[in-house]
Each structure stands twice: as C-alpha cells, then as structure tokens.
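Colleague: Supplied in structure tokens, the structure appears directly below.
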Amino acid sequence: MKALKYLYTFSMALLLIFGCTDDNDLSFLDEVVAPSEVSALFKVTQDNTGVVTITPNAVGASNYNITLGDDTIEPVNVIQGEGVTHTYKEGSYVVTIEAVGITGLKTEVNQNLEVSFKAPENVDVSISNDVAVSKQVNVTANADFAVSYDVYFGEPGIDDPVSANIGEPISYIYQEPGIYTIRVVVMGAAIATTEYTEEFEVTEILQPIASAPSPPNREETDVISLYSDKYTNVPDTNFFPDWGQGGQGSSWAEFDLNGDTMLQYINLSYQGIALADGTTIDVSGMKYLHLDVWTADEGLKIETSLINNASGDVTEKPVWSDLTAGEWTSIDIPITDYTDQGLTVTEIFQMKFVGDPWAAGTVFIDNIYFYKPSTVAKVPEYNAPSPTQNEANVVSIFSDSYTNVGLSELNPNWGQTTTLTTVNLNGNNIWLYEALNYTGIVTDYGNPTNLSAMDYVHFDYFTPDAEKLGLKIVNTVVSQEDIVFIDKIIRGTWVSVTIPMSKFNIDASQVTQLLFDTEGGSAKVYIDNLYFYSENSVQPEVIAPVPTIAQNDVISIYSDAYTGVTLNEVNPNWGQTTTLTDFSVDGDNIWLYQALNYSGIVTDYGNPTDLTGVKYLHFDYYTPDATTLGFKIVNTALDPVQEDIVFLSEILIGTWVSVTIPLSDYNLDFSNITQLIWDTSGGSATVYVDNIYFHN
C-alpha cells in the first residue's frame, strides 16, 4: 500500500510541475541535484522487544528505500515525513537509506544500528557552549548498547526533550544565559535506561569572534576611507573626541581580534569621529557611506550622522540603521539620504554615532569609508594582444594562436572553490575562472611535457577583483614544484605576463601540472595565451604582440596599429647621449634607442594631450642590456611644471615585454600632457620600443 501511495504522489507531483510550466519548458530540471544530508533517526522501544522505528530525512528527497540490514530481503519504501517500524533480534545491523529525488536521482548512506537488551553502559556525555552561536549549547552522548538519547535542557516552560541517534550531536539555543540542569537519557532496546545530569552554565557571546567582511578591492579614486585596514585612511583622525560622552557612561577602546583592530564603543549614548584640525573631506562624488557594525544586544539601533563645516556653518543630519544581534551588519547609506535632508557634503569634518536604547548597548565598528561603484571593468571587451612568437619555438597550453598540447584534466577536483568555463570573445576562446582560489591543469601523467629548452612562460590575464595571482609548475615524476607570484595585480584590463623559466626552481623536463593560485583569495580571472617559448637574442626577431583595443578607446603615441597624436619632437636635444633610429621587423616599425640614458617625446605644446579619465599606459619593450627603465609623464602647462615617473620593478632581457601601468600610479594633473620621457636612471642601454599608447 505504501508503494502504491508513493507512485500516486509522484505522478501527481509530475503533473503539477508539467502543468505549471509554460510551453513545457523543463530546462529547470537540469539544475536539480541528487538528495543531500541523508540520515535516519532510530527510536527503539524500551521493552526488550527490539521494535525500532526508522524515520529517514534528507534535503531534496521525495521518498526512501530502506534496507533493514537483517534477513529481510526487500527494501521498504516510505515517503518523505513517514517512517517504518521493524522488530529486530538482539545484534548489530547496518541499515541502508537510499534517498530518491523527484527526478529519480539517488543518494545512499549506511547507518549502524545496535539492538541490545542490556541497559546502556559506559555513558560518555559532552556538553559545551558553541564557539560561534551565542547561548547555543551542543550535546553529544555515546554509550555501549545504546541506540538513541533524549536531552532535557532544563529551560522553564520547555518540557519536551530533543532526540538523536547515539553519537550524533544535538544543539539548543537558550533564551537567556545562566545555569541550567541538563538531563540526558540514554536508551537502547532494554527496559532500563541510563541517565546523566549536569549543572551547566550557558554563556552568551558579547564580542565578535570573526572579522567583518573584507571590503572589495577598489581603485583609490573610488574610495575615501576613515577606518579600514583595506584602504589608505585619512590621517590623524580622532575616534574619541571629548564631546562630554564620557559623562553619559560611554567609553571607547580599540578591540584587537587576532590582529584585526576595530572600534569598540561601550554603553553607546553618543560618540564622535573628528578629522584632524583644518581637515575636511569632499564626499559629494561618492555614492555611499559604508560601515560594518557588530553588537550582542537585541533590538539595538545606531544613528550615523555626517557633520559638515561649509564656510563655518556647522550642520549635521542623521540616518538610523537596525542592527542584527550576534553578527556583523553591513550598512551602506546612500549619500543622497543626507543631501535629501539639505546637508552639504563638500566639507565633512566630523561624524557622530548614537545608540538606541540610549547608553544601553555596546557596538564594534569597522570599515568606515565612503565609496562609489567601481570604475574598473568587470569583463573584457577586447581580446588580449595577439601573440607573435614563431610556433616552432612555442609549447602552447592554451591559445587560439597555436596548436596546444594535449590536456588530460582542467580544473580537476582537488578541493578548490574554482569553477571554469570557456568563453568566446570576438571569435577567440578564453578561460574564465570564477571563485578562483586555486586550479589545476594536467597535461599527461603518462607523457610529461618537456620544457627544458624553454626560456619563458607567458600568459595574459584580466581580472576585476584579484589581489594575488601566481603560476605554479609541477614535475610529479620527481615530486618538484615551484610557484611565482605576479609583483602587482592590475585590474580591469588585459595584462601580459612574461616570467623567465629560471625563476622556477624545478626540473622542467617532465612537467605534468600547472596551477593558478590566488593565495587563499577568491577572484574572477580570465586567462588567455598560456604558452612557453624560447627566445634570447640581441635584437627582436618577431614583432611585439599585436594590440586589439579599438582605435576610439586609445590615445596612441607610437604604433602601426593606431593613428597617433601629433608629435612635435622625438628625442629632442636635451643633453642626452641617446640616439634614435627606426627599426623594422616584418614591415612593422619600431623605435630603436641606443646609448639610452634619457630621451623625450614632445606632443604639442600649443595643443596639450588631455589624458583626464584615461586609466592605463601601455608600451612594449625589448632590450639586450638595460637594467633600469622608467617612463615619465609631464604637464608643462602648469607653473610650476608637474611631472612624475614610474620605474619598472623588473627588466627582462632578450624578449618582448608588454607593460601596462595604471595612470593612478602617477601623481599629477593629466589634463595638459606635453612631454613623455624615457629614463634609465643614468644607465646606457639599447632599447627597442613599440605600441606606446594610453587606453581605458
């Protein structure tokens, strides 16, 4: 009868699903997974009869097939929410629970069942306060000859016990902390039970045990931070100015949670934050005020006021926020919530916090900053530059430009959070890693890849949010591996990476694995053109990688790929030793600087180049001997002249190197740029240069 009941229920469920689905679209079934968290609760009668009730449970199950584990041959079928009662002889059994989902997907687990007519012996009960949940107590009971146990937690008005199989934990959250009598009744199949009683003190968590959520990576121009380890804070801020709040019973401390500091305001009536004397911040260009707040106090609210000092007219406006006790509350207040009240936000010099109820709760505050949505691109619009290395000198792992070696596994299940999909962008295939902490690439364990003749490994990446990215190379034949991390991650554009193989301390003759690693992070990273190659000569034999960014997104200084701005002077006579000549490879024009100590490029003094809002500088260089190379940008329209230089952290010899520098690395006004200058910091080098342009 139970089987017939199940078949009827299952058929009706399918009819309901199909009848309610427009156009019989069953694509949602592709998202259905097998049942999970499968278990069964055993309850045995204490009368020496061996009668056991088995109640299965699972997430996503519609019915269960239960194999009883004795000489009963056929499994018993029950639907979700029901159980089966069976009489066992004294002995030990393995009960199999097969959970079946509505689409037929199945998950099977085994549970041990011991039926004994002896009273439980050697009872061992563990009672503890949960380390993460306030006022939660965890109980686990073990015993010989036991099947299950009941726990009476002793809270007034709560008379019913909580039950579990022997050895499985039970958790209970009390309304209030205090000392309670906890009684544990351990049961087997015997009439006699065994009890354990303990007077236990239930505690509440009064301070955070975990840090606030880590703020996302943001460009410096997108955030103004007052208090956060993530960003550069406004200096010399006072987080407890003397506004008389001490007389209201309030106090302040800086709380240290395993090295992570945060503000702690005790018995919050009102508290202030004051910038250094004479300091104000203009947050009119920001969209939100963010703060993370933790409290143990139920029902506590917090008021956050901004205080403006526009031309000496001090004005403040409040915004109230509800807090959730026992966890971090992330608050994002639109700046319009203040400006709509008539507040000018161009000269903020103070903030104020107020607690409700007054002086009755404690708050921990972290990550106080103003921000606007990121201006960093989230997805690539263009492909990475097209590789130009001769295929005869290349061992390619992944690139549409070359024939790739065979790959046995991609993103194999090594416990990572990473997902991998292949994305087609403008007809070119690229890998998209999401939630990337680490991921593997397996070539062929039976036929390792010989990279001993390769000089460099190259790949292109695009990321909106990564903090770190490294490439590991593994020789599993001799159990050798080494990893190299990129010095600085640049976000929102394709970045080309070239690493000398000499940096990897391994035998590269039998490579079987490659791994990308974010060193514990979780990032979105696009990858293309992952290959190894050999090249080491005194002059370029191939052209630099070919740019792919559209002309209207580029301000080009020198490149055959683009129409460039007007140049009035190239290598003007400013006393340098440098000579400049034209060089060509396969018809591509390249600048050749020799005896380079420094050299200028003048655009147009009468019509300066406006780089305001442009994000990146790009150029490709090739050198056989340089040890230092910097790129200076100059605004001569200002008095005094503004200029700044960025030196490359590392110079590679004997290969084309693509360089991308965020313009935020330069500290100057970009609205009237007239000069660009190469500098080897007093050296004398041969440097080939191509594809100098600015872009977004």
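Bear in mind these aren't lab numbers, they're just calculated from the coordinates by the rules spelled out. Model, not experiment: these values are computed from the prediction. Using ideal geometry, Cβ is built from the backbone for each residue, glycine included, and neighbour counts are taken over all protein chains shown.
Colleague: Report the calculated FRET efficiency for residue 117 and residue 162 (r = Cβ-Cβ distance, R0 = 25 Å), to the nearest 0.05.
Modeller: Efficiency, rounded to the nearest 0.05: 0.45.
Colleague: Let's test the formula: R0 of 41 Å, r as the Cβ-Cβ distance of residue 582 and residue 509. What FRET efficiency results, to the nearest 0.05?
Modeller: On the way: r = 42 Å, r/R0 = 1.02.
It comes to 0.50.
Colleague: May I ask you to sort 295, 603, 518, 627 by Cβ crowding, counting other Cβ atoms within 10 Å and putting the fewest first?
Modeller: Values: 295 27, 603 20, 518 24, 627 11.
Starting with the residue having the fewest Cβ neighbours, the order is 627, 603, 518, 295.
Colleague: Near residue 89, which lysines are there with a Cα under 21 Å away, not counting those fewer than 8 places off in the same chain?
Modeller: Counting by Cα, and skipping residues close in sequence, residue 89 has these lysines nearby: 43, 118.
Colleague: Taking neighbour counts of Cβ atoms within 10 Å as a proxy for exposure, in what order, fewest first, do 414, 591, 494 appear?
Modeller: Lowest count first: 414, 591, 494.
Colleague: I would also like to ask the following. Would you calculate the volume per residue, in Å³, of the smallest convex hull containing every Cα atom of segment 348-467?
Modeller: 227
Colleague: Hey, could you grab the Kirkwood Rh for segment 212-303? Inverse mean 1/r over distinct alpha carbon pairs, Å, one decimal.
Modeller: 15.2 Å is the Kirkwood radius here.
Colleague: Can you pull the one-decimal nm distance between simple spin-label points at residue 400 and residue 232, each 7 Å off the Cα toward Cβ?
Modeller: Result: 3.9 nm between the two label points.
Colleague: What length, rounded to one decimal in nm, is gained on full extension from residue 650 through to residue 39, with 0.36 nm per residue of separation minus their alpha-carbon distance? Could you put the intermediate results ahead of the total?
Modeller: Values: separation 611, 0.36 × 611 = 219.96 nm, distance 5.77 nm.
Taking 0.36 nm per residue and subtracting the Cα distance, the gain is 214.2 nm.
Colleague: In whole Å, what is the distance between the alpha-carbon centres of segment 383-418 and segment 138-205?
Modeller: Measuring centre to centre over Cα atoms gives 57 Å.
Colleague: Could I ask something else about it? Identify the residues of segment 498-529 with backbone N under 17 Å of a label point that sits 7 angstrom from the Cα of residue 468 along the Cα-to-Cβ direction, or state none.
Modeller: Within reach of a label on residue 468, which here means backbone N under 17 Å from a point 7 Å along Cα→Cβ, segment 498-529 contributes 515-525.
Colleague: Also, I was wondering about something else. Tell me, how many Å apart are the Cα centres for segment 52-119 and for segment 208-237?
Modeller: Using only Cα atoms to place each centre, the spacing works out to 53 Å.
Colleague: Ok, one more. Translational D (Stokes-Einstein, µm²/s) of segment 551-695 at 37 °C and 0.692 mPa s when Rh comes from the Kirkwood sum over C-alpha pairs?
Modeller: 213
Colleague: Quick one: if you stick a label point 7 Å off each Cα along the C-beta vector at residue 419 and residue 641, how many nm between them?
Modeller: The two pseudo-label positions are separated by 5.4 nm.
Colleague: If you fit an axis through the alpha-carbon atoms of helix 2-19 and take the longest principal axis of the Cα set of the chain, what angle between them do you get, 0 to 90°, nearest 10?
Modeller: 30
Colleague: Of 241, 271, 223, which is farthest on the positive side of the dipole of segment 186-312, counting Cα position, with +1 on Lys and Arg Cβ, -1 on Asp and Glu Cβ, and the Cα centre as origin?
Modeller: 223
Colleague: May I pose another question? Taking loop as defined by DSSP and a crowding limit of 16 other beta carbons within 10 Å, which trypsin sites (Lys or Arg not before Pro) in segment 76-151 fit?
Modeller: Those satisfying the criteria are 89, 118.
Colleague: Can you give the direction-averaged projected area of the convex hull of the alpha-carbon atoms in the chain, in nm²?
Modeller: Values: hull surface 174.0 nm².
So the Cα hull casts an average projection of 43.5 nm².
Colleague: Right, next: Can you tell which of 484, 117, 296 lies farthest toward the positive end of the dipole of the chain, using +1 and -1 charges on the Cβ of basic and acidic side chains (Lys, Arg; Asp, Glu)?
Modeller: Checked the options; the winner is 117.
Colleague: As an exercise, find the ratio Rg/Rh for segment 128-285 from alpha-carbon atoms, using the Kirkwood inverse-distance average for Rh.
Modeller: 1.22
Colleague: Could you please rank 670, 153, placing first whichever residue has the fewest other Cβ atoms within 10 Å of its Cβ?
Modeller: By the 10 Å Cβ count, ascending: 670, 153.
Colleague: Identify, among 552, 630, 606, the residue whose Cα sits farthest towards the positive end of the charge dipole of segment 551-695, taking +1 on the Cβ of Lys and Arg and -1 on the Cβ of Asp and Glu, with the dipole about the Cα centre.
Modeller: Going by the Cα projections, it comes out as 630.
Colleague: Could you give the size of the charge dipole of segment 86-128 about its Cα centre, using +1 on the Cβ of each K and R and -1 on the Cβ of each D and E, expressed in debye and rounded to the nearest 20?
Modeller: Taking the Cα centre of segment 86-128 as origin, the dipole is about 140 debye.
Colleague: While we're looking at this one, here's another question. Give, as ranges by residue number, the residues of segment 218-248 whose backbone N falls under 19 Å from the point 7 Å along Cα→Cβ of residue 339.
Modeller: 221-225
Colleague: Next question, about the same structure. Obtain the nm distance between the two label points defined at residue 434 and residue 563 by a simple spin-label model: each point lies 7 Å from its Cα along the Cα-to-C-beta direction.
Modeller: Taking the simple label geometry, residue 434 and residue 563 are separated by 4.0 nm.
Colleague: When the chain is fully extended, how far beyond the present Cα-Cα distance does residue 96 get from residue 408, taking 0.36 nm per residue of separation?
Modeller: On the way: separation 312, 0.36 × 312 = 112.32 nm, distance 3.61 nm.
Full extension of this stretch gives 108.7 nm more.
Colleague: Among the listed pairs 287/317; 372/632; 503/632, give every one whose C-alpha distance is greater than 22 Å. Could the numbers behind the result be given before it?
Modeller: Numbers: 287/317 16 Å; 372/632 29 Å; 503/632 29 Å.
Flagged as over cut-off: 372/632; 503/632.
Colleague: Just flag the GluC sites (Glu not before Pro) in segment 562-670 sitting in loop per DSSP whose Cβ has no more than 14 other Cβ atoms within 10 Å.
Modeller: Here the sparse-neighbourhood loop sites are 650.
Colleague: So between residue 59 and residue 320, what do we pick up on full extension, going 0.36 nm a residue minus the alpha carbon distance? Walk me through the numbers before you get to the answer.
Modeller: Working: separation 261, 0.36 × 261 = 93.96 nm, distance 3.91 nm.
Contour length minus the Cα-Cα distance gives 90.0 nm.
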